[in-house]
Structures are given as structure tokens and as C-alpha cells.
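Asks: Here you go, one structure.
What follows is calculated from the coordinates using simple rules that are stated; it is not laboratory data. Being a predicted model, the structure only gives us computed values, none of them experimental. Methodologically, a virtual Cβ is constructed for each residue, glycine included, from the backbone with ideal geometry; neighbour enumeration extends over all protein chains shown.
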Amino acid sequence: MTAAGWQYPPKLALACLPTPLMPLQRLATRLGLSQRLWVKRDDLTGSVLSGNKVRKLEFTLAHALQQGADAIVTCGGVQSNHCRATALLGAQLGLPVHLVLRGSPAELASLNGNFLLDRLCGATVEVHAPPVYGRDFDVLVSAAMQRLREAGKTPYFITTGASDAVGVWGYVDACRELAQDFLMHGVNAPVIVCASGSGGTQAGLVAGNVLHGLQARVFGVNVCDDATWFERKIKTDLHAWNALFSLGFPVETWAVDVIDGYVGEGYAKASDELLALIADVARLEGLVLDPVYTGKAFYGLLNEMACGRFHDVSDIVFVHTGGVFGLFPFASQLTAVLRDP
Ligand SMILES: *Cc1c(COP(=O)(O)O)cnc(C)c1O
């Protein structure tokens with residue numbers, strides 16, 4: 001059963017969809033799990049475009065074009081998957097993309113991972129040290145927008161991770177696919193888990209769960225900040241979505257559940273233990289997780305399950321949100337981990 005009386009806004013077909021839902025049988029067996037463990041392969045939404053951001057950007061960029069935009073400004077860390085996806089899609093659509101990035105000189109020493117792809121496809125970039133980025137963010141973005149206007153452009157600003165009222169639709173639409181997947185595989189009342197970095201994926205899953213009648217419980221594992229920050233952020237985005245599209249859903253009654261405690265040393269910092277898990281899963285299942293988002297979320301999920309959480313459900317669905325290019329800047333740390341017997 002799906003909620004009635006709503007429709008999707010305009011969308012560009014940019015991602016390779018649908019993505020498969022695959023079982024992680026060997027891992028489930030080795031861990032002795034009583035539940036079935038599944039992965040929604042949103043790392044397969046594209047080749048260099050892979051990951052969750054393209055789903056949101058299908059709606060965000062449609063919205064930008066509808067507003068008459070002919071240039072895009074967005075922002076994030078120097079290894080942002082969102083910035084890389086936006087840069088590539090801009091090139092694909094013929095829209096110049098300017099990136100306002102947060103990064104240290106060390107991160108810029110070599111052209112690597114997502115940043116390499118940003119530059120390869122012609123995005124213009126400005127990089128600011130973390131304290132400056134944190135303090136002057138609004139000013140930096142306004143200045144970038146103003147420069148483009150003075151050059152005769154109509155720029156459109158996409159917020160961090162495209163997690164806003166429009167971006168929510170990306171994972172509402174993913175839930176349309178999940179409804180089909182669940183039907184095909186007999187998945188019933190599952191727990192769905194994703195990594196939360198700016199909250200848009202989880203917000204979309206929470207909304208899509210209701211709109212497509214999945215009967216699931218949705219959890220996000222935060223990879224920065226804390227549970228309080230994400231609960232507020234996701235609820236704010238859901239309210240803004242509900243208002244902007246005049247949907248009239250009782251969003252205040254929708255559960256927003258965040259699993260906190262797996263940030264580790266900080267955003268984009270990985271322990272050797274986390275890298276060892278990533279290697280383990282890659283060897284056992286041929287599934288490559290990343291150290292910034294999916295690896296931490298998966299680590300969190302397995303740890304919660306080991307502590308007895310979700311013992312009462314039959315199916316666990318992990319949403320693999322991509323991020324493979326974030327692995328390469330960890331090459332030297334990974335070399336040391338793989339050397340250990
Ligand atoms: C951005 C990102 C996330 C987090 O998604 P949000 O919608 O920002 O919460 C998770 N995984 C990967 C690989 C990402 O790039």
C-alpha cells in the first residue's frame with residue numbers, strides 16, 4: 001500500500017538504475033547471523049558517477065534547470081563524493097561547475113581520488129583550510145555566486161551533499177526500487193541501514209518508506225557530528241520538503257533513528273580496525289566499502305547486531321552508498337594494515 005495523492009517533481013535520468021539488491025550470504029554465514037543480510041548496490045549507480053549523490057542530483061539538477069540555471073556552485077570536503085558527482089554531471093549536461101572545498105595543504109599535495117576526478121572533468125575549484133571554511137563559508141559561497149553573476153551567468157547553489165527539500169526525492173525514488181526488490185526476494189518488514197553524512201539519504205529513505213509502503217524501520221549511522229545534530233537536520237529537511245511540494249504528510253510522526261558511536265577519531269579518519277574490516281569484506285564478498293561512509297556504517301551495523309540489536313527481524317538491508325574513490329587517499333595506511341598477518 002502506498003500513500004496516495006502525491007507525485008514526483010521533474011527528474012533527469014542520470015543514474016544507471018535500478019541497482020541490484022544482493023545477499024551477503026558468506027558473511028552472514030561466517031557471522032552466524034539468524035537474519036538475512038542484503039546490500040542495495042547504490043555503488044553501482046554509475047562508473048565514475050557511482051554512489052548515492054546521483055540519485056539526489058537527478059532531482060536537484062532538474063530543479064536547477066527549471067529555475068533557468070546555467071552554472072552550478074556546490075561545496076564539500078576536498079574528497080567529497082557529492083562534489084565529484086556534481087562536477088561530472090555538470091560536464092555531462094554542459095553546465096560549468098564551481099566547487100568551494102575544505103582541505104588542508106597535505107590533502108592537496110597530490111591529485112587523488114575524487115579531487116582528481118573533479119579536476120579531470122573541468123570543475124573550477126577553490127580550496128580553503130578547515131578553520132577558514134568553517135568560519136567564512138557563507139561569504140565564500142556568496143562571493144563565488146557573485147563572480148558568476150558578474151560574468152553573465154545564472155548560478156544555482158547546491159547545498160552540502162544536495163541534502164535539502166529537493167534532494168529528499170532521490171531516496172524516495174530509491175524506495176520505489178526497494179519495494180520491487182523486496183517483492184522479488186520476499187523481504188518482509190526489514191531494517192534498512194545507511195551511512196548519514198548530511199542526512200539526505202536517510203531523509204529520503206524515511207519518507208520513501210511511507211510513500212512506497214515498505215513497512216521498514218530506517219536507521220542512519222552518523223559519520224560526523226552526533227545523533228542530535230542528524231535528528232534535527234533530517235527533520236528540518238523533511239519539513240522543508242513537505243512544505244515546498246505542498247505534500248501535507250504528518251512528517252512530525254515519522255521516526256528518525258540515528259545510530260551514534262561510530263564516528264571514531266573524526267570525519268574521514270579511519271582506524272586500522274576499520275580498514276581491516278573493509279579488506280575482510282572485500283575478500284569475502286568482493287564488496288568494496290569506503291573508509292569515510294559505508295565502512296563506518298557497516299562496521300556500526302555489524303557491531304550493533306553482535307550486541308543483539310535487530311535480533312527480532314528477518315531481513316537487514318544495508319544501502320551501499322558508494323564512495324570508492326575515498327579509499328585511494330588511504331593507500332599508505334592501508335598498505336600497513338594489509339602487511340599485518
Ligand atoms: C554522501 C555520502 C553518504 C551520506 O549521504 P548523506 O545523504 O549525505 O547523508 C554516504 N555514503 C557515501 C559514499 C557518500 O558519498
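Asks: Using only alpha-carbon positions, what ratio does the radius of gyration of the range 124-168 give when scaled by 2.2 N^0.38 Å?
Replies: In units of the 2.2 N^0.38 Å rule of thumb, it is 1.30.
Asks: When the Kirkwood radius is taken over all Cα pairs of the chain, what Stokes-Einstein diffusion coefficient follows at 4 °C and 1.567 mPa s, in µm²/s?
Replies: Result for D is 64 µm²/s.
Asks: Any chance you could list the semi-axes, whole Å, largest first, of the equivalent ellipsoid that the Cα gyration tensor gives for the range 196-313, using √(5λ)?
Replies: With the √(5λ) rule applied to the range 196-313, the semi-axes are 29, 16, 13 Å.
Asks: Then there's this: Assign unit charges at the C-beta atoms only (+1 for Lys and Arg, -1 for Asp and Glu), then state the dipole size of the range 161-319 relative to its Cα centre in Debye, rounded to the nearest 20.
Replies: 240
Asks: Can you give me the orientation-averaged projected area of the convex hull built on the Cα atoms of the range 105-146, in nm²?
Replies: Mean projected area for the range 105-146: 3.4 nm², to one decimal.
Asks: Separate question: Within a Cβ distance under 15 Å of GLY68, other residues only, what is the Lys/Arg minus Asp/Glu net charge?
Replies: +1
Asks: In addition: State, in angstrom, two size descriptors of the range 1-156 derived from its alpha carbons: Rg to one decimal place and Dmax to the nearest whole number.
Replies: 18.9, 62
Asks: Considering the options THR154, TRP38, VAL292, tell which one lies farthest towards the positive end of the dipole of the chain, charges being +1 on Lys and Arg and -1 on Asp and Glu at the Cβ, about the Cα centre.
Replies: THR154
Asks: Another question, if that's okay. As an exercise, use a Förster radius of 35 Å and the Cβ-Cβ distance of SER271 and SER314 to find the FRET efficiency, rounded to the nearest 0.05.
Replies: That pair, SER271 with SER314, gives E of 0.65.
Asks: For the range 124-245, just the Cα atoms, rotate onto the principal axes and tell me the three extents in Å, largest first.
Replies: Principal-axis extents of the Cα atoms in the range 124-245, largest first: 55, 32, 27 Å.
Asks: I'd like the per residue volume of the convex hull spanned by the Cα atoms of the range 262-341, given in cubic angstrom.
Replies: With only Cα atoms used, the range 262-341 gives 104 Å³ per residue.
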